[in-house]
Amino acid sequence: TNRLRVEAARAFIQQARTSGGVGRVGMVQFSDNVKQLLPLTPLADEAAFERALAAINENGQTDIDGSIRRGLNDLRSGRTHGTGAMVLLTDGKQEPNEYQQAHQQARAAGVPVHTVALGKSADRNLLRRIAEETGGTFSEATQDRDLLRLYSAIAGCIAGGRTVLNTALRKPEW
């Protein structure tokens, strides 16, 4: 499953490159602790993205709160213009501690958080609330292969400057 998540992240980066509306992307991994895999980096730096993608693993707990705080700090420190956006993918629930409403800081900064619930264990209520309250989108992926489609749609949303409130991204009927 990790390989499919990496491929989905790669597809997101490629979609961001071709959209023309996204200049830089950073990557944060969260488990027992939150780790920056890549600071905000120009999309043209393919080698940096490949190194970050190779470092992705899926061990440990799920620090959703810490991931939002770290992502927001990375956006603030690397901002050249605009507010940016975050994409948060998780297959778990906030742990080890209670969720501390980190998305309210993103909301105050004008940063939408697009959330993706992967699998049955993801905390859909929390992810939906984070997306709704920050102006992001909430999506569900029942399987890793759904991520390719969802990331592509989210990248298009971010690049186009559009945010869809209270709407799940759905599979096209073709």
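Looking only at the range 126-163, filter to residues that are part of a loop (DSSP other than H, G, I, E, B) and open to solvent by 50 Å² or more (accessible area, probe 1.4 Å); which one of those is modelled with the highest pLDDT? Of everything passing the filter in the range 126-163, Thr142 is modelled with the highest pLDDT.
The rows are residues; the columns are (1) without any contact (Cβ under 8 Å) to a residue 60 or more places away in the chain; (2) open to solvent by less than 40 Å² (accessible area, probe 1.4 Å).
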{"residue": "Arg3", "(1), (2)": "yes, no"}
{"residue": "Ala9", "(1), (2)": "no, yes"}
{"residue": "Gln14", "(1), (2)": "yes, no"}
{"residue": "Arg24", "(1), (2)": "yes, no"}
{"residue": "Val28", "(1), (2)": "yes, no"}
{"residue": "Asp32", "(1), (2)": "no, no"}
{"residue": "Leu43", "(1), (2)": "yes, yes"}
{"residue": "Glu58", "(1), (2)": "yes, no"}
{"residue": "Ile64", "(1), (2)": "no, yes"}
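For Leu147, are the conditions met, namely being in contact with a strand residue (DSSP E or B) (Cβ under 9 Å, 6 or more places away or on another chain), farther than 13 Å from Met86 by Cβ and in contact (Cβ under 8 Å) with a residue 12 or more places away in the chain? Criteria met by Leu147. In this structure, does Val116 turn out to be closer than 25 Å to Arg24 by Cα, open to solvent by less than 60 Å² (accessible area, probe 1.4 Å), out of contact with any Cys (no Cβ under 6 Å at 6 or more places or on another chain) and part of a loop (DSSP other than H, G, I, E, B)? Here the answer is no, as Val116 does not meet what is asked.
The values are calculated or read from the model by the stated rules, or taken from the named source; none is laboratory data. In this text, all values refer to a predicted model and were calculated from it rather than measured experimentally. Glycine also receives a Cβ, built like all others from the backbone with ideal geometry; neighbour counts cover every protein chain displayed. We work out accessible area using only protein heavy atoms, side chains counted, and drop any ligands, DNA or RNA first. Shrake-Rupley method; radii C 1.70, N 1.55, O 1.52, S 1.80 Å.
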